[in-house]
Amino acid sequence: MTTTTYPERVRVAPASNAVASDTWWLTGRKLRALSRQPAVLAMGVIQPVIWLFLFGEMFRKVIDIPGFGYQGSYLAYLIPGIVAMNAMSSNMWAGMAMIEEIDRGTLNRFLVTPASRLAIMNASVAEQAVSTTVQTLIIVLLGYAGGAHYPGGALGIAILVLASIEVGVLWGALSNMTGMLLRAREAVIGVYTFFMLPLMFLSTAFIQPGFLPGWMQAIASRNPLNWEVQIGRSALSANPDWSAVAVRCGGLLVLALIAVAISVRTFRSYAKNV
Amino acid sequence: MQSPPAGASPRIPGAAPSRATPPSRAAALATGAIEARGLVKTYPGPGKTRVRALDGLTLGVAKGAIFALVGPNGAGKTTTVKILTTLARPDEGTAAVEGIDVIAAPAQARRAIGVVAQRSGADPAATGRENLILQAHLYGMPTRAARQRADELLDRFQLSEAAGRFVRTYSGGMQRRLDVALGLVHQPRVLFLDEPTTGLDPESRAAMWDEITTLATADQVTVLLTTHYLDEADRLAGRVAIVDRGRVVAEGDPAQLKRDLGVDSLDEVYLRHAGRRYSDATRLAEVAGR
């Protein structure tokens with residue numbers, strides 16, 4: 001191996017842009033990996049899509065129950081629920097990637113550089129946002145192919161995507177935190193199993209709220225996953241209730257920000273004592 | 001024959017470095033490339049107990065030196081490296097690299113040090129070049145400089161041909177060379193190598209040894225390495241510290257250490273100081289022979 005003469009010592013960008021530029025480079029790494037394995041993204045939506053078409057077919061007649069309404073299509077009714085389910089379930093595996101990076105030593109490699117700690121977490125959030133967007137759009141397209149219509153148009157779909165990002169980031173952050181704190185894949189799976197189905201069924205994802213028993217309605221109205229379902233369903237309809245959409249979007253945003261803040265704190269304390 | 005010292009005995013007189021205790025913390029931080037004093041680190045153990053990973057470890061490394069830390073598994077080598085590389089904080093003690101207090105000013109210290117950890121850390125789903133360019137960006141290099149630096153290092157570590165391949169397709173030796181290249185992206189003045197040759201074939205080991213020597217001589221980088229291979233420590237390091245139960249139990253240049261005990265291999269020195277089972281066996285043999 002030959003020696004090289006070094007150029008003069010590297011000048012370093014000031015700390016204020018460090019967060020932005022480090023976020024950019026670290027997000028680039030994640031997105032490059034994602035773009036090289038589009039199959040992984042597609043595989044992620046398989047399960048929700050099976051739910052969409054199986055449930056859509058199995059219960060197609062529920063639309064005829066007086067009072068159900070909704071464009072006369074149960075498939076169209078299901079779409080916001082399936083989008084919510086996908087946003088939650090696919091991001092609940094974020095902790096697995098976190099554990100992988102810890103075990104492989106990649107995280108420590110970043111931690112011994114001057115890279116911004118916040119940027120390392122930002123990259124994870126940005127990746128979740130991008131992958132959730134792509135998956136939501138896949139579900140919307142498949143739903144359309146299956147005969148669903150979106151009277152809310154492009155704006156409605158954009159709002160649906162936004163809400164799915166919020167839910168994705170919320171659960172991605174919580175999953176990352178679980179991975180960092182417990183460093184066990186079983187724990188990440190445990191969180192998934194514990195929350196996924198109860199939150200799905202204690203919502204209006206599958207059935208109009210009026211058909212739920214009172215106690216379920218009470219829980220559903222406080223269930224953030226249900227907020228996303230309601231946001232999507234309203235935004236995709238012909239006459240969205242914008243004020244309700246805004247309130248629920250705001251609620252999800254607050255929860256997502258809290259979850260990210262907690263996971264950043266957890267990460268900072270993790271990074272001090274690896 | 002000298003009786004083998006117990007595990008946590010104080011340092012052998014004569015093998016201890018001749019540095020006098022500095023008058024103040026500031027002075028302690030000003031000398032040498034690496035200065036660690038009285039490092040204590042405990043981790044939660046079973047029940048309410050705490051395991052002492054480091055128990056007052058002290059070491060100093062001169063600028064431009066190759067310094068080897070050897071010792072049994074769990075002796076505290078990796079914990080020491082983690083503290084010196086800002087990945088962990090000691091419960092007690094001081095540590096400085098290039099005069100920078102790693103506990104008080106970790107961000108500053110990170111610019112002065114390069115780290116090659118035990119576990120690779122390279123991203124297997126990215127190419128060798130991408131790994132290097134990202135690393136350069138994280139040290140604040142603009143894109144053009146980052147690319148140039150990546151190419152220089154790929155060339156230096158004979159990875160140019162494999163530069164565009166995913167790291168998961170690399171052989172063990174190639175991966176280790178990439179790890180070292182990643183640690184050198186920002187031209188650190190001090191390089192930490194945690195078990196750099198573990199798992200390498202003899203040829204790759206020899207190449208790594210050459211590279212480490214070149215770094216210290218031609219590039220004047222201070223190198224602190226940990227290893228299980230005493231021939232490696234003997235061959236490469238100007239000074240060796242034997243760590244056992246969280247303390248340095250012997251330190252000196254390899255020839256001196258061997259002379260002190262009248263033995264001809266560093267393995268022997270190591271076993272005398274840190275080989276508990278060996279110590280018991282020799283003690284028994286001595287008793288039996290009496």
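Each residue in segment A:221-274 was checked for being more than 18 Å from the chain's Cα centre (by Cα) and of a type in the set (S, T, N, Q), and 8 of them qualify.
Take segment A:65-111 and flag every residue that is β-branched (V, I, T) and crowded, with 24+ Cβ neighbours inside 10 Å.
A:I79, A:I82, A:V83
Among the residues of segment A:37-51, none qualifies, meaning not one is modelled with pLDDT under 90, in contact with a helix residue (DSSP H, G or I) (Cβ under 8 Å, 6 or more places away or on another chain) and not in a helix (DSSP H, G or I). Scanning segment B:84-97 for residues being more than 16 Å from B:T222 (Cα to Cα) and facing chain A (nearest Cβ under 9 Å) gives a total of 4.
Find the residue count for segment B:51-88, including only residues that are part of a strand (DSSP E or B), β-branched (V, I, T), touching a residue at least 40 places away in the same chain (Cβ under 8 Å) and over 20 Å from B:T197 (Cβ atoms). Can you show your working first?
Quick first cut of segment B:51-88, residues part of a strand (DSSP E or B) only: B:51-61, B:66-70.
Going one step further and asking which of them are β-branched (V, I, T), we end up with B:51, B:58, B:61, B:66, B:70.
Add one more test, that the residue is touching a residue at least 40 places away in the same chain (Cβ under 8 Å), and what stays is B:58, B:61, B:66, B:70.
After this cut, where a residue has to be over 20 Å from B:T197 (Cβ atoms) as well, the list is B:58.
The number of residues fulfilling the criteria is 1.
Against the conditions (1) within 12 Å of another protein chain (Cβ to nearest Cβ); (2) outside any strand (DSSP E or B); (3) at negative phi, B:Q187 satisfies every one except (3).
Residues that are more than 19 Å from the chain's Cα centre (by Cα) and surrounded by 19 or more Cβ atoms within 10 Å (Cβ to Cβ) occur at least once in segment A:184-206.
So, in segment B:116-164, how many residues would count as being at the interface with chain A (Cβ under 10 Å from one of its Cβ atoms), part of a helix (DSSP H, G or I) and either over 26 Å from the mean Cα position of the chain (by Cα) or of a type in the set (D, E, K, R) (or both)?
9
Inside segment A:48-93, can you point out the residues that are free of Cβ contacts under 8 Å to residues at least 40 places away in the same chain, under 30 Å from A:L174 (Cα atoms) and not β-branched (V, I, T)? Of everything in segment A:48-93, those that are free of Cβ contacts under 8 Å to residues at least 40 places away in the same chain, under 30 Å from A:L174 (Cα atoms) and not β-branched (V, I, T) turn out to be A:W51, A:L54. When B:V81, B:V61 are checked against the criterion of being touching a strand residue (DSSP E or B) at 6+ places or on another chain (Cβ under 8 Å), within 12 Å of chain A (Cβ to nearest Cβ), closer than 26 Å to B:Q220 by Cα and not aromatic (F, W, Y), B:V81 stands alone in meeting it. Would segment A:91-105 turn up any residue that is away from chain B (no Cβ under 14 Å), touching a Phe, Trp or Tyr at 6+ places or on another chain (Cβ under 8 Å), assigned to a helix (DSSP H, G or I) and closer than 27 Å to A:A205 by Cα? Within segment A:91-105, one or more residues are away from chain B (no Cβ under 14 Å), touching a Phe, Trp or Tyr at 6+ places or on another chain (Cβ under 8 Å), assigned to a helix (DSSP H, G or I) and closer than 27 Å to A:A205 by Cα.
For segment A:1-33, filtered to residues that are modelled with pLDDT of 50 or more and over 22 Å from A:V264 (Cα atoms), the residue that is nearest to the other protein chains (Cβ to nearest Cβ) is A:A33.
What number of residues within segment B:98-112 satisfy the criterion of being closer than 11 Å to A:P114 by Cα, more than 7 Å from chain A (Cβ to nearest Cβ) and either touching a residue at least 12 places away in the same chain (Cβ under 8 Å) or part of a loop (DSSP other than H, G, I, E, B) (or both)? Let's see the steps before the verdict.
Filtering segment B:98-112 down to residues closer than 11 Å to A:P114 by Cα leaves B:106-112.
If we keep only those that are more than 7 Å from chain A (Cβ to nearest Cβ) as well, we get B:106, B:108-109, B:112.
Next, only the ones that are either touching a residue at least 12 places away in the same chain (Cβ under 8 Å) or part of a loop (DSSP other than H, G, I, E, B) (or both) stay: B:106, B:109, B:112.
Summing the residues that are closer than 11 Å to A:P114 by Cα, more than 7 Å from chain A (Cβ to nearest Cβ) and either touching a residue at least 12 places away in the same chain (Cβ under 8 Å) or part of a loop (DSSP other than H, G, I, E, B) (or both) in segment B:98-112 gives 3.
Within segment B:190-214, the set of residues being more than 12 Å from the chain's Cα centre (by Cα) and at the interface with another protein chain (Cβ under 9 Å from one of its Cβ atoms) comprises B:A207, B:D210, B:E211, B:T214. Considering the conditions (1) away from chain A (no Cβ under 14 Å); (2) in a helix (DSSP H, G or I); (3) at pLDDT 95 or above, B:L182 is excluded by exactly one of them, (1).
In the set (1) modelled with pLDDT of 95 or more; (2) surrounded by 20 or more Cβ atoms within 10 Å (Cβ to Cβ); (3) under 30 Å from A:V274 (Cβ atoms); (4) not basic (K, R), the condition left unmet by A:L255 is number (2).
The values are calculated or read from the model by the stated rules, or taken from the named source; none is laboratory data. All values derive from a computational prediction rather than experimental measurement. All Cβ positions, glycine included, derive from the backbone under ideal geometry; neighbour counts span all protein chains shown.
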